[in-house]
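The values are calculated or read from the model by the stated rules, or taken from the named source; none is laboratory data. These numbers were taken from a predicted model, which means no experiment stands behind them. So basically every Cβ, Gly included, is an ideal-geometry build from the backbone, and we count neighbours across all protein chains shown. The area values use the complete protein model at the heavy-atom level, side chains included, leaving out ligands, DNA and RNA. Shrake-Rupley method; radii C 1.70, N 1.55, O 1.52, S 1.80 Å.
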Amino acid sequence: MAGVWRCMLAAAVLMCVCLWDSTEAVGGAVSRPRPKRPRRPKPTVDPIDLAPAAQNVDIQQMTGTWYLLNMASKCSHMINHGTKVQPTVLTLTRSPDSDQTLSVSTKTRHNHQCWEIQQVYHLSATPGKLTLKGPRSELNTEIVIGETDYSSYAIMYFQKRGQISMKLYSRSVDNLSEPMLSKFEQLAEKQTFGLAYLFPFPTYSHCGDVDQDHVINCDPEC
């Protein structure tokens with residue numbers, strides 16, 4: 001159960017989606033089998049394809065610490081819990097064993113406890129496009145670095161199972177730029193995210209060091 005709980009926590013914190021297909025309920029009780037939903041036809045154009053990557057993205061300059069400022073999403077988790085988001089910090093580093101991957105650390109709080117989720121992003125042949133691999137290819141998360149100046153802000157798109165979210169990151173939480181925040185809102189509107197689907201994150205009390213008991217390693221997967 002601890003493994004399932006950690007998977008649920010990682011999914012809720014990182015992607016707003018928990019794909020838990022088991023029919024075993026918490027406590028060991030077995031629930032009724034859920035009726036299978038008809039598969040929706042795959043769109044001819046993925047939403048992520050409408051978010052072109054920034055020109056000539058330099059992955060090395062993307063490394064370092066980023067603070068999550070705002071998120072645009074229509075996923076049910078954010079709609080139901082978006083007012084309770086916690087300060088979140090992302091750290092990107094080049095993987096020591098491969099020049100085709102990025103090591104990713106996300107730190108945030110859950111139930112007043114700091115957690116760290118460790119992942120790996122795989123670089124693609126297209127600069128600025130990455131993949132977070134799932135247990136199956138259809139569960140991969142496609143990532144696009146849409147805009148960045150490397151030194152102050154980055155706007156990134158995340159798509160999983162046809163559902164897209166946008167995130168605005170900043171190198172600092174001090175002296176936030178109004179034009180940067182407005183640009184994110186404008187780009188979000190192009191993806192049909194109105195103000196009701198924007199969820200600002202706290203800019204204070206970010207987690208520092210996390211003890212090993214509260215580190216979730218999602219490599220190769222959660």
**Item:** Computed label-point distance, nm, for sites Ile79 and Asn175 using a 7 Å Cα→Cβ extension
**Value:** 4.0 nm
**Message:** Taking the solvent-accessible surface of protein heavy atoms with a 1.4 Å probe, what is the per residue accessible area of region 158-222 in Å²?
**Reply:** 59 Å²
**Asked** Once you wrap a convex hull around the alpha carbon atoms of region 104-159, what is its projected area averaged over all directions, in nm²?
**Response** 5.3 nm²
**Message:** If each residue of separation counts as 0.36 nm, what is the full-extension length gain between Ser124 and Thr93 once their alpha-carbon separation is subtracted?
**Reply:** 9.5 nm
**Prompt:** Efficiency by 1/(1 + (r/R0)^6): what FRET value for Asp211 and Ser151, r their Cβ-Cβ distance, R0 = 35 Å, to the nearest 0.05?
**Reply:** 0.65
**Message:** Using a 1.4 Å probe on the protein heavy atoms, what percent of the accessible area of region 64-222 belongs to carbon and sulfur?
**Reply:** 47 percent
**Message:** I need the calculated FRET efficiency for the pair Lys190 and Gln113, taking r as the beta carbon distance and R₀ as 25 Å, to the nearest 0.05.
**Reply:** 0.10
